[in-house]
Amino acid sequence: MSASTLRIALVGNPNCGKTALFNQLTGGRQKVANYAGVTVERKEGRFTAPSGRVLHILDLPGTYSLEANSPDEQITRDVCAGNYPGELPPDLIVCVADATNLRLHLRFVLEVRRLGRPVVLALNMMDTARARGIVIDVPELQRRLGLPVVETVAVKRGGARALIARVDGEVPPAAPVQPDDAASRADLHAQVRELLAATVRMPRATAALDDALDRWALHPVFGLAILAVVMFLVFQAVYAAGKPMSDLIGGAFGWLGEHVAVAMPAGPLQSLVVNGLFGGLGTVIGFLPVILVLFLFILTLEESGYLPRAAFLLDRLMLSVGLTGRSFIPLLSSFACAIPGIMGTRSIQDPRDRLATILIAPLMTCSARLPVYALLIGAFIPARKVGLFNLQGIVLFALYLAGILGAMAVGWVMKRLRRDKSEHALLMELPSYRMPKLRDVAIGLYERGAIFMRRLTGVILGLTVLMWFISTFPGPPVGATGPAINYSFAGYIGRGLQFIFAPIGFNWEISLALIPAFAARETAVAALATVYLVGGQSPGGLEHALAGQISLASALSLLVWFAYAPQCMSTLALIRRETNSWRNVAISFSYMFVLAYAASFIVYQLARLLS
């Protein structure tokens with residue numbers, strides 16, 4: 001790297017404001033990928049300093065220690081030490097610390113200093129520290145640490161000015177590599193106490209506002225009620241705000257498809273474009289607003305500091321069903337996708353607790369299920385009010401709740417099968433409450449939307465084209481009287497599968513759609529749209545076609561199936577890699593298939609009896 005560029009690694013504990021600082025420095029000049037061979041996210045951006053020097057900034061995963069236990073911690077340690085394969089060593093490490101909680105953060109700073117690389121300490125959230133009456137003697141702290149210390153306020157414009165000025169100048173000399181034996185690790189706590197006594201004055205350990213809010217938010221009764229209300233309102237908002245936008249996008253793609261059909265000559269190419277691309281992919285794109293609205297609320301709750309409190313609040317409940325409190329964050333991550341959730345279980349030290357969490361994580365309602373839920377709820381659940389609430393939002397909340405209750409039931413069974421009955425309480429840091437920043441939430445939403453669109457133009461596009469092909473070819477034989485799709489590969493495969501799924505109310509089209517859904521859940525929507533369009537059965541749109549082709553009992557059965565059915569192939573492959581056992585893969589697939597089939601059978605039969 002040339003002298004006019006500088007490679008900087010941002011490191012720090014979770015909730016220190018590191019990512020907000022990264023967003024302020026890099027803005028939209030970011031790229032997000034995964035480290036080779038793992039699903040740990042890699043975020044890199046660039047920034048041009050006033051001198052013209054280009055700063056390449058790498059936002060490393062947050063970690064409490066470099067004594068690596070999880071993949072995140074291992075990557076942070078190895079990149080900082082310059083040992084990660086294929087990754088250039090950083091020219092400078094910027095260690096971000098929460099100025100309101102230096103007791104915990106300084107220990108990590110001392111660990112980073114031991115690496116023997118140039119380090120700058122960024123004291124973040126200094127505005128909050130001053131508001132709480134915390135006084136930090138920055139020159140004395142800098143002298144005692146032997147490294148530059150600057151003040152930052154990552155959430156305010158210009159709040160990184162001092163950091164930019166410091167890294168734009170001369171790179172500080174590397175700290176001497178210090179011994180890393182048991183005695184020196186034990187001495188870190190003593191060093192932190194000395195530093196705090198000499199440089200920090202705090203009127204109180206926690207903020208008065210935090211204490212006042214936590215009296216309610218962490219109350220064993222009122223806290224659970226608040227959490228339930230918050231989550232219920234989130235799912236109400238998903239339908240109230242997301243569904244109208246989804247309908248608008250779906251209508252736009254339908255209009256485009258009609259005009260393209262008129263402009264193109266009839267034939268296979270017209271069918272592929274109109275039925276496969278506009279009909280299949282267009283239907284899936286229509287559900288992007290629903291996904292983004294859900295993530296808007298999740299990101300807002302995360303930025304506000306509420307989600308760690310939800311983890312703490314649910315610790316006792318999770319212990320009662322055989323899960324550790326440490327399982328909450330991985331399971332919460334699984335609401336986005338089970339893959340990062342399963343990866344997050346590496347922080348769980350007890351192997352049985354970790355395996356239980358891995359096997360349960362796929363039951364959490366991942367975002368890939370949302371298009372299926374939104375399609376079926378929109379087709380079969382009327383958009384009417386139940387008191388003050390929307391019935392469709394209530395059903396969506398019930399589906400998420402069904403996944404959670406299913407996970408608790410499976411965890412309870414696993415607990416009864418365990419010989420080791422030991423329980424481990426959850427110890428974690430609770431960040432201060434703060435107002436979410438629009439910039440950080442917007443960047444988070446952009447990243448989620450980009451991930452969805454990459455999946456859409458990758459595996460979902462390929463599977464949609466494949467579904468169009470098997471739904472179109474071979475053509476009907478001479479003298480055939482039935483619909484052409486009945487004589488296609490799709491018709492033969494679907495009718496063969498229908499013998500298995502008829503007892504739970506699935507017709508051959510739905511049975512066929514379960515195959516690509518095993519590769520990517522969202523593809524079930526594209527598959528159904530393609531099959532019904534090719535078959536000429538959806539002139540009023542997919543929702544209209546489903547409402548006319550299947551019963552309410554079948555729709556409810558399908559919703560329940562997707563709540564419990566075996567996860568996608570990527571998840572099963574990750575279970576194999578994380579547990580190094582095909583037996584655990586077989587257990588995961590088998591119990592979820594049986595659970596989904598049994599639950600769908602019960603719902604279908606009951607709905608038929610009551611209809």
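Taken as a whole, the condition of being within 30 Å of LEU281 (Cβ to Cβ) and basic (Lys, Arg) applies to ARG369. When the stretch 506-531 is filtered for residues that are in a helix (DSSP H, G or I), at pLDDT 80 or above and either in contact with a strand residue (DSSP E or B) (Cβ under 9 Å, 6 or more places away or on another chain) or not aliphatic (A, V, I, L, M) (or both), the ones remaining, listed by number, are TRP508, GLU509, SER511, PRO516. Is the stretch 511-523 home to any residue that is crowded, with 22+ Cβ neighbours inside 10 Å and under 20 Å from TYR604 (Cα atoms)? Yes - at least one qualifying residue is present in the stretch 511-523. Checking each residue in the stretch 195-207 for being assigned to a helix (DSSP H, G or I) and in contact (Cβ under 8 Å) with a residue 24 or more places away in the chain picks out LEU195, LEU196, ALA198, THR199.
Can you list the helices (runs of 4 or more DSSP H) found entirely within the stretch 314-391 that contain at least 3 residues being assigned by TED's automatic domain parsing to the domain that holds ALA565, among the charged types (D, E, K, R) and farther than 19 Å from ALA563 by Cβ?
By residue number, 351-360.
Looking only at residues in the stretch 122-136 that are within 30 Å of the chain's Cα centre (by Cα) and assigned to a strand (DSSP E or B), the one that is farthest from THR206 (Cα to Cα) is ALA122. Does at least one position in the stretch 265-275 carry a residue that is modelled with pLDDT under 80, within 32 Å of the chain's Cα centre (by Cα) and buried (at least 19 other Cβ atoms within 10 Å of the Cβ)? Yes: the stretch 265-275 contains one or more residues that are modelled with pLDDT under 80, within 32 Å of the chain's Cα centre (by Cα) and buried (at least 19 other Cβ atoms within 10 Å of the Cβ).
Just one of the listed residues (ARG103, ARG117, ARG42, ARG7) is surrounded by fewer than 23 Cβ atoms within 10 Å (Cβ to Cβ), modelled with pLDDT of 85 or more and not in a loop (DSSP other than H, G, I, E, B), and it is ARG7.
Within the stretch 364-395, the residues that satisfy the criterion of being touching a strand residue (DSSP E or B) at 6+ places or on another chain (Cβ under 9 Å) and of a type in the set (A, V, I, L, M, F, W, C) are ALA383, LEU391, ILE394. Just one of the listed residues (GLN236, GLN142) is polar (S, T, N, Q), part of a helix (DSSP H, G or I) and under 37 Å from the mean Cα position of the chain (by Cα), and it is GLN236.
With respect to PHE47, is the statement that it is part of a helix (DSSP H, G or I) and either within 27 Å of ASN101 (Cα to Cα) or at pLDDT 85 or above (or both) true? For PHE47, the condition - part of a helix (DSSP H, G or I) and either within 27 Å of ASN101 (Cα to Cα) or at pLDDT 85 or above (or both) - is not met.
Table: residues versus (1) hydroxyl-bearing (Ser, Thr, Tyr); (2) under 22 Å from THR464 (Cα atoms); (3) free of Cβ contacts under 8 Å to residues at least 12 places away in the same chain.
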residue	(1), (2), (3)
GLY223	no, no, no
LEU233	no, no, yes
GLN236	no, no, no
ILE249	no, yes, no
PRO268	no, yes, no
ILE298	no, no, no
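Cβ-Cβ contacts under 7 Å between residues 6 or more apart (or on different chains), taken from a first residue in the stretch 568-591 that is more than 24 Å from ALA524 (Cβ to Cβ) to a second residue that is basic (Lys, Arg) and surrounded by fewer than 17 Cβ atoms within 10 Å (Cβ to Cβ), are listed as TRP582/ARG576. Residues in the stretch 448-475 that are modelled with pLDDT of 80 or more and farther than 22 Å from ALA490 by Cβ were compared, and the one that is surrounded by the fewest Cβ atoms within 10 Å (Cβ to Cβ) is ALA450.
The values are calculated or read from the model by the stated rules, or taken from the named source; none is laboratory data. Every value quoted in this text rests on a predicted model; they were computed, and no experiment measured them. FYI the Cβ positions are ideal-geometry reconstructions off the backbone, even for glycines, and counts take in every protein chain you see.
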